[in-house]
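Participant: Okay, handing you the structure first.
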Amino acid sequence: PFKLLSEEPDKQYLADGMMDAILLHLSKIEDLRVMSRTSTEQYRELGKTMTEIGRELGVNYLLEGSFQKYGNNVRLIIQLIKTGKEGHIWANEYDRKWNDILSVQSEVAQAVARELDAVISPEEKQLIEKIPTTNLTAYDFYERGKDELMKYEIDNNNKAALEKAEDLFHEALKYDSAFAQVYTGLARVYWNKHY
């Protein structure tokens, strides 16, 4: 999980959203096997070495990151680490404006894929570069809704988180009714409510 470099712990959802988006983009590349956030979330506070995590997950590389938002500026630091040697394969720092956040996610995923010598088909590249919304308010509500949904999925008894996720997804749709990922989030909410 990405670390939030901020004095505001309630903004962790932004770092998690950045991680989710990059993982989603990487998972669109057939040449890569990408672990889900659910599989990696358990390592947020454990303090295990990269080698131990790699062995437990059965992976050769880990993507580590930190995220900071200050005003309208964003800093993202990404490191690709070889698990057996615990050495950096690649690292980069991205300093951007908040309104460029969605394109940075695609840029990072493509850079990681290049470092891993993954083949990206033209169709995969097009999917990775597609921006899900241009409305950053809708994006913020969506990320907050996803964070609440994750809280519910970690603790199935947290019905308040599920209700809050639904409300936040509906708020996102007020700003961008064509934001398809929000409908996916709502579908997960309804699935959990009714099954």
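The values are calculated or read from the model by the stated rules, or taken from the named source; none is laboratory data. The model shown is predicted, which means the values in this text are computed figures rather than measured ones. We place every Cβ from the backbone using ideal geometry, glycine too, and count neighbours over all the protein chains shown. Each accessible area value is taken on the protein alone, full model and side chains, heavy atoms only, with ligands, DNA and RNA left out. Shrake-Rupley method; radii C 1.70, N 1.55, O 1.52, S 1.80 Å.
Participant: Looking at the structure I just gave you, is Glu124 part of a helix (DSSP H, G or I) and either in contact (Cβ under 8 Å) with a residue 24 or more places away in the chain or open to solvent by less than 50 Å² (accessible area, probe 1.4 Å) (or both)?
Facilitator: Judged against the criteria, Glu124 is a match.
Participant: Quick one: Met150 ticks every box in (1) under 21 Å from Ile101 (Cα atoms); (2) in contact with a helix residue (DSSP H, G or I) (Cβ under 9 Å, 6 or more places away or on another chain); (3) not β-branched (Val, Ile, Thr); (4) not in a loop (DSSP other than H, G, I, E, B) bar one, so which box is it?
Facilitator: (1)
Participant: Please count how many residues of the stretch 23-61 are surrounded by 17 or more Cβ atoms within 10 Å (Cβ to Cβ), more than 14 Å from the chain's Cα centre (by Cα) and not in a loop (DSSP other than H, G, I, E, B).
Facilitator: Qualifying residue count for the region: 4.
Participant: Please go through the stretch 62-97 and give me each residue that is of a type in the set (A, V, I, L, M), closer than 18 Å to Pro1 by Cα and in contact with a helix residue (DSSP H, G or I) (Cβ under 8 Å, 6 or more places away or on another chain), ordered by number.
Facilitator: Across the stretch 62-97, the qualifying residues are Leu62, Leu63, Val74, Leu76, Ile78, Leu80, Ile81.
Participant: Could you list, in sequence order, all residues of the stretch 145-179 that are over 23 Å from Tyr43 (Cβ atoms), open to solvent by 50 Å² or more (accessible area, probe 1.4 Å) and not acidic (Asp, Glu)?
Facilitator: Asn157, Lys159, Ala160, Lys164, His170, Lys174, Tyr175, Ser177, Ala178
Participant: Across the stretch 172-190, what is the total count of residues that are of a type in the set (Val, Ile, Thr) and under 17 Å from the mean Cα position of the chain (by Cα)?
Facilitator: Counting residues in the stretch 172-190 that are of a type in the set (Val, Ile, Thr) and under 17 Å from the mean Cα position of the chain (by Cα) gives 2.
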